[in-house]
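Notes follow once the structure below has been shown.
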Amino acid sequence: MSAAPLDQSAHRLAPLLDHLARRMRMRAETVLAPLGLRPRHLVALTVLRAQGGSSQQALAGTLAMDGTNIVGLLNELEGEGLIERRRSPEDRRRHVVELTEAGARRLGEAECALAAVEGEVLGALDTGQRQTLYDLLQRATGAATATCTEALPEQPSEATGDSPAC
């Protein structure tokens, strides 16, 4: 028995989301490069800020990375002075990873640059539509709470309290 043909008139989200993600990723990589950051750096720094630090193993789990890759990522961030790794006082075999002040500043710079990218890529949407898109994407990804809120150019950063002033 063959599968029923797809309704060709139905709206398919995957191609649109993929196209939007590609545009956003390409522009984001362009503005992050001068800051010495790549998207994976940004994600790790954002998680560390949200969690107030983490064990290296827990961070690997959160980022869905294996041990070897997390060590490489953390070496890069530590080499730039953006994070610090210390032995856990409770268990000397574990490392605790924390965001440094320099890391928090660089993350703030990156978020401002990314807010401009969002403004450019999502320029056809007004502030309310962007918020709706954000809310829908949060729901679709199953995220209970936001781990990274980025200020939209039209919204003052003081409104959220989470984003740096751009």
Open item on the list: Against the condition within 21 Å of residue 122 (Cβ to Cβ), surrounded by 13 or more Cβ atoms within 10 Å (Cβ to Cβ) and of a type in the set (A, V, I, L, M, F, W, C), how does residue 50 come out, does it pass?
Closed with: no
TODO: From (1) part of a helix (DSSP H, G or I); (2) modelled with pLDDT of 95 or more, pick out the condition that doesn't hold for residue 59.
DONE: (2)
Open item on the list: Step by step: first the residues of the stretch 115-152, then only those that are in a loop (DSSP other than H, G, I, E, B) and small (Gly, Ala, Ser), then the one that is modelled with the lowest pLDDT. Which residue is that?
Closed with: 151
- [ ] Look at residue 53 and say whether it is free of Cβ contacts under 8 Å to residues at least 60 places away in the same chain and not β-branched (Val, Ile, Thr).
- [x] yes
- [ ] Give the residues of the stretch 69-99 that are more than 15 Å from residue 55 (Cα to Cα) and either among the β-branched types (Val, Ile, Thr) or in a loop (DSSP other than H, G, I, E, B) (or both), sorted by residue number.
- [x] 80, 81, 82
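The values are calculated or read from the model by the stated rules, or taken from the named source; none is laboratory data. The model shown is predicted, which means the values in this text are computed figures rather than measured ones. Methodologically, a virtual Cβ is constructed for each residue, glycine included, from the backbone with ideal geometry; neighbour enumeration extends over all protein chains shown.
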